[in-house]
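In what follows, a single structure is set out as C-alpha cells and then discussed.
Readers should treat all values here as calculations from the given coordinates under stated rules, not as data from a laboratory. Since we're looking at a predicted model, the values are computed, not measured. Cβ atoms come from the backbone with ideal geometry, glycine included; neighbour counts cover every protein chain shown.
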Amino acid sequence: MSKKTVLFACGTGIATSTVVANAVTEAMKERGITIDPRQCKATEVRSELNGVDLIVSTTQLPSDLGVPSIVTLAFLTGMGKAEALDKIEAELRK
Amino acid sequence: MAEALMNHIDPEAIVLGVDTDSREAVIRLLAGKLKAAGYVKDSFADAVLAREAAMPTGLPLGHAVNVAVPHTDPEHVVKPGIALATLKNPVTFANMEDPDEAVEVGLVFLMALNDKDRQIEMLQEIMATIQSEEAISGLMEASSLDDVAAVLK
C-alpha cells in the first residue's frame, strides 16, 4: 500500500495535533501503514485538503469537507484508543 | 524516555485545593504565577481566556476527575513551562471535542508553549499522566509540593 496523507487538526495546529500525529503515525506503522502526517488549525482545514486521504482532529471540523474525517480525543485521554485506531486503519485501507 | 512532568512544572506555579467557582479565576490565578516566575507576558492570561472561549481544552476522562489543558499562541510566552492547579470543587470548562458540551474539571494544567520540541514533550507527559487514574487521584489528594513531586517524578 502506498503512503497515506493524514491531516491532523487541533485548535492551534501546533500542540495537541502534534501529539496525536505522533501517536497515530507510530501506531499505523505497526499495522503496516505509512503515514505522511500534515498539521493545521481546525479552522484552516479547508485550505489544506489537497491530496489528503483522512483528517484526524481533536476538535470540531467544518462540515462538508469532502474528505473522510474522525474527531476524537482518544489519543489525549486514552479512552477508546484501540477503537479509534481501528477506525483510522479501516479508513486508510479503503 | 521523556523527562518527568515535574521537570516542566514550576514549583512556584503549583496551587493545591483552589477554592473558586469559575474557570476564568483559575486561569488568571495560574497565569499570574507563571507571569511572576517569568514564563509569560502580561498579555498571556487574556489570550488564554480568549482561546479557551473559541477553542476549549476540557478533556473528559470518564472517571471522577476531568482535566483541562489551557494554552495559547507562542507570542504571549517568554519560556516554556507548566502551572498546575487542583480544585476543591470542579469548575466548568467546555469539551475540546464539542464546545457545546460542558466538562466539570478538577485538575488544570496551564501550559506556556513556545518551543516546538519542548511542547510536544510537555504535552505527551501530561497526557501520559492523565491517562493514569492513580496519578490523577494522587494529584487530587496531594497537600504538599512533595506529594505532587512523588506522583509526577
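Values computed for the structure shown
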item	result
Sole residue being free of Cβ contacts under 8 Å to residues at least 40 places away in the same chain and among the β-branched types (Val, Ile, Thr), chosen from B:Thr92, B:Thr57, B:Thr86	B:Thr57
Single residue of segment B:105-124 satisfying the filter (more than 10 Å from chain A (Cβ to nearest Cβ) and under 14 Å from the mean Cα position of the chain (by Cα)) that is nearest to B:Asp73 (Cα to Cα)	B:Ala112
Criterion violated by B:Asp98 - all others in (1) free of Cβ contacts under 8 Å to residues at least 40 places away in the same chain; (2) in contact with a Gly (Cβ under 9 Å, 6 or more places away or on another chain); (3) within 14 Å of chain A (Cβ to nearest Cβ); (4) surrounded by 16 or more Cβ atoms within 10 Å (Cβ to Cβ) satisfied	(2)
Residue within segment B:70-83 that is acidic (Asp, Glu) and in a helix (DSSP H, G or I) present	yes
Within segment B:35-72, considering residues that are over 16 Å from B:Leu87 (Cβ atoms) and facing another protein chain (nearest Cβ under 9 Å), the one nearest to the chain's Cα centre (by Cα)	B:His71
Filtered residue count, segment A:53-81, keeping only those that are away from chain B (no Cβ under 13 Å) and either among the acidic types (Asp, Glu) or at positive phi (or both)	3
Contacts under 6 angstrom Cβ, first residue in segment A:82-94 being hydrophobic (A, V, I, L, M, F, W, C), partner in a helix (DSSP H, G or I), 6 or more apart	A:Ala84/A:Ala74; A:Leu85/A:Ala27
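Residue-by-condition table, conditions (1) assigned to a strand (DSSP E or B); (2) more than 21 Å from B:Glu97 (Cα to Cα); (3) more than 12 Å from chain B (Cβ to nearest Cβ):
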residue	(1), (2), (3)
A:Val6	yes, no, yes
A:Ile14	no, no, no
A:Val19	no, no, no
A:Glu26	no, yes, no
A:Lys29	no, yes, yes
A:Arg38	yes, no, yes
A:Arg46	no, no, yes
A:Gly51	no, yes, yes
